[in-house]
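To start, the structure itself, in structure tokens.
What follows is calculated from the coordinates using simple rules that are stated; it is not laboratory data. A quick note: this is a predicted structure, and the numbers were derived from the prediction, not measured. Glycine gets a Cβ as well: all are built from the backbone with ideal geometry, and neighbour counts include every protein chain shown.
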Amino acid sequence: MVPKIEIRNLYKIFGPNPKRYLKRLQGGASKEKLFRETGHTVGVNRVSFSVKQAEIFVVMGLSGSGKSTLIRCINRLIEPTSGEIFFDDKDITRLSPRELRLLRQEKVAMVFQHFALLPHRTILQNVAYGLEIQGIKKEAREKTAQAVLGSVGLKEWSDVYPEQLSGGMQQRVGLARALAVDPDVLLMDEPFSALDPLIRKEMQEELMELQEKMRKTIIFITHDLDEALKLGDRIAIMKDGSIDQIGTPEEILTNPATGYVANFVNDVDRSRILKAEHIMIRPTAHISASDGPRVALRKMREEALSSIFVIGHDRTLVGIVTVDRAVEAVKKRENALQKIVETDIPMTSPDTPIQDLFPVAATARVPIAVVDEKRKLLGIIVRVSVLAGLVGRGEKNNAGALV
């Protein structure tokens, strides 16, 4: 499948003669050395990545990392010094001024950090502005603008002016204005960073809800790692104009590619990001529903377990047998498991966030079973792994060690 957006070897050097010093940068000269010796500033340095259709691709980094320069190169608000930028397999660095203007009007919309609303226009007129530029008739553009305002919860505010709205409401207007032209791609440059924390969280939730319905391709710029981890299908971490690592939130957290990335994620609460599948371990010891108490007891003794899972056909989870109940059954000369299998046991799906497992783990007497929608046993989570906040893909200890 052709990527919706693909960036190939993109460079941006600020200064009076950037082309002259491009080869020095391509040859490995550092940002600091180039500035010290030539007075030219590196904004973007050999950046390459692709973005899939309907993906939220987050670019994050500290101030001066080049992320805002990068996003402005993507729609050529800033002209790249070198490189290729493909939209649907078409290199937009080769577009004429007219073709570029049409691209910005119809295919790509941008949401800025500081709203950029027109103060002398009503909210409805602000949202309809992009359609007006396209030459859409007033009745049609206002109908579209009203519908989009409804999608961001501002339908009743269409006749007021920007100064009458809170910061969060103004940012909703900015988002609605971008969505009104029905773009293929949304470029969002730190759109929520000027908002209060509570409103910022609400806007993040709202963006994810809108994305579920509209399925836009989004490149989202932020300096906030928590925001990046929450919103991003994938994340690119920038430093000094270059990308240090690209990966899913889980990959960034569990396998940082550089010391810089490792320092970035060091203090993150991983339990909010990682899921049950990341700390579950494969149960090497289990018994069949057709086995008896003596088989259960023998396997628990061999594996030094205090309980063991019982599975049926196709690894479907039946329940669990504890050592106490198995011993009691053997003493009573019982041969079937049915009477001693506990079926009311803690279970979870593989995509459950670890933080949601804390209440379960706090009271569980047996491991948490990770099952799919057909109740197939995929793995187990030992209680201590949740309570200790382990974040790897399972400890390398005995996979049957249950607590």
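Quick notes on this one:
- Other-chain or far-sequence residues with amide H under 5 Å of Leu378's (modelled H): Val370, Val371, Asp372
- Only helices enter the 222 nm calculation for the chain: every DSSP H run of n ≥ 4 contributes -39,500 (n - 2.57), and dividing by all residues gives -10000 deg cm²/dmol, rounded to 500.
- Amide H contacts of Ile78 (H built 1.01 Å from N, in plane; Pro and chain starts excluded): Cys73 sit under 5 Å, all sequence-distant by 5 or more or on other chains.
- Length released on extending from Glu334 to Ser50, taking residue separation times 0.36 nm less the Cα-Cα span: 96.0 nm
- Dipole-positive endmost among Gly15, Ser290, Val366 within the chain (Cβ charges, Cα centre): Gly15
- Too-long pairs where the Cα-Cα distance tops 30 Å, listed order kept, from Lys4/Lys376; Lys33/Lys107; Lys4/Lys213: Lys4/Lys376; Lys33/Lys107
- If R0 is taken as 45 Å, the Cβ-Cβ distance between Asp196 and Glu302 corresponds to a FRET efficiency of 0.15.
- Each 10 Å bin from zero up to the one holding the largest Cα-Cα distance in the range 276-387 carries the following percent of pairs: 15, 47, 30, 8, 0.
- Put a dot 7 Å past the Cα of Asp240, heading toward its Cβ, do the same for Asp344, and the two dots end up 6.1 nm apart.
- The orientation-averaged projection of the convex hull spanning the C-alpha atoms of the range 1-89 amounts to 6.2 square nanometres.
- In this structure, Lys138 and Met208 have a Cβ-Cβ separation that, at R0 = 45 Å, corresponds to a calculated FRET efficiency of about 0.85.
- Trypsin sites (Lys or Arg not before Pro) within the range 89-189, DSSP loop, no more than 13 other Cβ atoms inside 10 Å: Lys137
- Amide H contacts for Val59 (H built 1.01 Å from N in the peptide plane; partners 5 or more residues away or on another chain; cut-off under 5 Å): Phe220, Ile221, Thr222, Ala236.
- Label-point separation, His313 to Leu118 (7 Å along Cα→Cβ), nm: 6.8
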